[in-house]
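To keep things clear, I will list the structure first and then write my remarks on it.
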Amino acid sequence: MSTRRDQLAAGLASVGRRIEAAAQAAGRSPTSITLVVVTKTFPAADVQLLAELGVTDVGENRHPEARDKAAAVAAPLTWHFVGGLQTNKARAVAGYADLVHSVDRERLVDALADGASRAGRHLDCLVQVSLDPPGAADSRSGAKVDEVPALTDQIAAAEALRLRGVMAVAPLAADPARAYARLAEVAASVQAAHPTALAVSAGMSGDLEAAVAVGATHVRIGRAILGERPPNR
Ligand SMILES: *Cc1c(COP(=O)(O)O)cnc(C)c1O
C-alpha cells in the first residue's frame, strides 16, 4: 500500500515533468519557474512531508488556516498567500507571509504595509489582475487592468512592501492561453515602470502549460500534487 509520502512524491514528480516539458517547449529554463505547492485544506503533516521531499514554497488561501500551518511546520519554507484577502486580516497575514499574490485594492496595500512595518518585516507583493471580460457575471477577485498602474506605484512607494510583479487566475469560462497572454502584456507594462517587478504568478493544476508558455515565473499547484479538495476550496 502506498503511503501519503509516496503519493506526494509521485504528484511532485509528475508536476515536475510537466513544468520541464512546458519550459522546454517555450525555450525557457525550468529553473526560471518556481513551483508553489498550494496546500490549502490539507494538514500541516502534508506540508512537513512536502518539505522533506524538497519543496521550498507553499501556498495558502485563508487566514487563520495559513497562520496555523506556518506556525506548526518547523521546516524553513517560503509561505505564499494566494487567496482573496479581507482588509481586517491583512495585518495578521503580513506577520507570517513571505509573498502575498492577491493584492488588488488600495486599502489592502495600506493594511499590509502597516502590518509589515509593525512586525518589522519587508513583505513581497504581487498585484492580482482580473482577466474577466468587462461585465462578466462570475467576476473573480483582482484589480481591473486600468487600476494596475496606481496600485503598483502605491506598493512600490510603501516602505515595508516590495513590488515583485503580477498574478492572475484564469477566468472559468475563458481560454487560459488567451487570458495568460493578456496577463503577460500587463506584466510587461508593469515591468516598464518597475524593472525589478519580474514575477508573473499564473498557472494551476489544469493549465500550467498555458501559463509557462507565456512566461509564468510562479505556478500555483494544488490538486495535481495533493489530490482533490472539497468543492470551492
Ligand atoms: C487553490 C488555488 C490554486 C491551486 O489550484 P489547483 O487547481 O488545486 O492546482 C492556485 N491558485 C489559487 C489562487 C488558488 O486558490
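Tabulated values for the structure
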| quantity | calculated |
| --- | --- |
| Strands (runs of 3 or more DSSP E) (entirely within region 15-104) containing at least 2 residues that are without any contact (Cβ under 8 Å) to a residue 60 or more places away in the chain | 57-60, 78-81, 99-103 |
| Number of the exception - D207 against (1) in contact with a Pro (Cβ under 6 Å, 6 or more places away or on another chain); (2) exposed (fewer than 14 other Cβ atoms within 10 Å of the Cβ) | (2) |
| Condition check for V55: within 23 Å of S201 (Cα to Cα), surrounded by 19 or more Cβ atoms within 10 Å (Cβ to Cβ) and not aromatic (F, W, Y) | yes |
| Qualifying positions in region 182-210 - in contact with a strand residue (DSSP E or B) (Cβ under 8 Å, 6 or more places away or on another chain) and either within 13 Å of the ligand (Cβ to nearest atom) or on the phi > 0 side of the Ramachandran plot (or both) | S201, A202, G203, M204, S205, L208 |
| Search result, residues across region 36-59 that are within 11 Å of the ligand (Cβ to nearest atom) and either farther than 11 Å from G222 by Cβ or hydrophobic (A, V, I, L, M, F, W, C) (or both) | V36, V37, V38, F42 |
| Qualifying residue in region 189-196 (condition: more than 22 Å from I33 (Cα to Cα) and not polar (S, T, N, Q)) | yes |
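Any read-out appearing in this document is the output of simple, stated calculations on the displayed coordinates, not a laboratory observation. Computed from a predicted model, the values in this text were never measured in an experiment. Cβ sites come from the backbone with ideal geometry, for glycine too, and all protein chains shown count toward neighbours.
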